[in-house]
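The values are calculated or read from the model by the stated rules, or taken from the named source; none is laboratory data. Only a predicted model underlies this, so the values are computations on that prediction, with no experimental measurement involved. Note that we place each Cβ from the backbone using ideal geometry, even for glycine, and neighbour counts take in every protein chain shown.
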Amino acid sequence: MKSLNFLSISELSNLIKSKEISPVELLKQTLDNLEKVEKKLNTFAYLDIKGAQKLAKKSEERMLSNSLLSKVDGIPTSIKDLIAQKDVPLRFGSKTTPDKPSEFDAPSVERLRNAGAVLLGKSTTSEFGCKAVGDSPLTGITRNPWNTDLTPGGSSCGAAAMVSAGIVPYALGTDGGGSIRIPASLTGLFGIKANFGRVPVYPASATPTLAHVGPLTRNVKDACIVLKLISGSNWKDPFSVSEKTPDFEKEITEKKKFKIAWSPTLGYAKPDSEILEKINVAIKNISSLGHEVELVENIFDKDPVDLWNAEFYAGVGTKLKQVIENNPDLIDPPILEVLKIAITQEMGNYYGSVFERYALREKIRSFFENYDLLITPTIPCAAFKAGQDVPDNFPDRNIVSWVYYTYPFNLTGQPAASINAGFTKTNLPIGMQVISKTNRESDILNLCKQFEDNFIDLNKKPKI
């Protein structure tokens, strides 16, 4: 059988539909491939082979009876270990959690299961998603397929590494401050967090006003397929978007023209020169497609990282307060440090941050009255040494603030994605972030598909 590594969802779906391969055969090849690279990469927190085999067998029966449920029917994928999957443990990358099976699926997982997806198990994450790199006390270090000495980024580290390595065509991640977009940037993928509430979240996240669930894929069309399946209102999530989910695949077929703001720094970031050089080339390429692009240096009056810290780490810290007080040694030391600070906030100071956040959201809403899209670098550097919490060239930043560009758009809740925009001189991926108006994921997907079709070499792959 020919190698199925690096094939897209559409390609695999067509092979299954035409009965050229079966879901059982696809799973076997996926597991064989995983066995070759997993010791190098460490992408799985929990691998559920028996569960996946049962799902693949059911999919094969549907294939033989010409009753496949969707384009992902029979195709293996994984679920980040911050998302509930029935019958497998939900550990959050932490030694503080019990090793017992979840009793239910999160809405996104339930929808994939109902679409026939073959669920392999849980991908690795930094502890409670608190770091922008790929290690945790529970699972150790996850590594980057482009260079295994380096981090794939986080916190959706295992999801990104296994998709980038060609093990699966897509994986589910979460994003509370950039945790889909950061590893997408560092591993050369497309990763999108849709508008806040587009994909319902349950059980409630420790950071319920920041959390998103979304796909990491190797191309835009695959992201459209998965995002459509997992989106839509759900009564378990009071924040879930009630409007009808767009047909994202259809939305990328027409080449639309956009008015775009390009901000190299958002007004405060300090990106590496090579990153800016590559993104500037990407901006020129986008302009050549007929889009109107305007340089807007200062988007924010100041870095909103303190607002994000107050919200994100206070939520996680409150959830872990008893552990912090009684068993602090169980928590990753750099995470423990920021959690201790976060839970000492006075109520008045905390709500001052809440009201500042509302003002920030209104500022950005007004900004987007004049533009369709905003483009920035995704993060200010390429991949760096695995096991480090912060890149060497950002010593004054903490375990998340070094990323600069991603966390503001969790505060605002807007759709945001990262797409590969090229490579460094040492062959490491560089990501470009695209942000849209509220509930306008389709605009991001449309522009990124145009960029992908004209300027991305999808055949370039890591040699893991």
On the basis of being surrounded by fewer than 18 Cβ atoms within 10 Å (Cβ to Cβ) and modelled with pLDDT of 95 or more, does Gln433 make the cut? no
In region 412-428, how many are in contact with a helix residue (DSSP H, G or I) (Cβ under 6 Å, 6 or more places away or on another chain) and crowded, with 24+ Cβ neighbours inside 10 Å? 6
Quick check on this structure: which one of Leu150, Leu120 is touching a strand residue (DSSP E or B) at 6+ places or on another chain (Cβ under 6 Å), crowded, with 19+ Cβ neighbours inside 10 Å and within 16 Å of Leu189 (Cβ to Cβ)? Leu150
I'm told Asn285 meets every condition in (1) out of contact with any helix residue (DSSP H, G or I) (no Cβ under 8 Å at 6 or more places or on another chain); (2) polar (S, T, N, Q); (3) over 17 Å from Leu210 (Cβ atoms) except one. Can you identify the failing condition by its number? (1)
Would you mind stating whether Ser59 is touching a helix residue (DSSP H, G or I) at 6+ places or on another chain (Cβ under 6 Å), in a helix (DSSP H, G or I), of a type in the set (Ser, Thr, Tyr) and at pLDDT 95 or above? yes
Quick test of your reading of the structure: Ile324 fulfils all but one of (1) more than 15 Å from Phe409 (Cα to Cα); (2) within 26 Å of the chain's Cα centre (by Cα); (3) buried (at least 17 other Cβ atoms within 10 Å of the Cβ); (4) not small (Gly, Ala, Ser). Name the failing condition by number. (2)
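Looking only at region 406-427, how many residues end up being over 15 Å from Leu360 (Cβ atoms) and under 17 Å from the mean Cα position of the chain (by Cα)? First the steps, then the outcome.
Residues of region 406-427 that are over 15 Å from Leu360 (Cβ atoms), as a first pass: 415, 417-427.
Next, from what is left, pick out any that are under 17 Å from the mean Cα position of the chain (by Cα): 415, 417-421.
Count: 6.
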Candidate set: region 133-149, residues that are assigned to a loop (DSSP other than H, G, I, E, B) and polar (S, T, N, Q); chosen: the one farthest from Thr97 (Cα to Cα): Thr148
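Sort through Gly290, Gly315, Gly352 and tell me the only one that's outside any strand (DSSP E or B) and touching a Lys or Arg at 6+ places or on another chain (Cβ under 7 Å). Spell out the reasoning first.
Details: Gly315 fails: touching a Lys or Arg at 6+ places or on another chain (Cβ under 7 Å); Gly352 fails: touching a Lys or Arg at 6+ places or on another chain (Cβ under 7 Å).
Result of the check over Gly290, Gly315, Gly352: Gly290.
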Can you give me the number of residues within region 211-266 that are under 15 Å from the mean Cα position of the chain (by Cα) and either of a type outside the set (Ser, Thr, Tyr) or closer than 30 Å to Asp301 by Cβ (or both)? 15
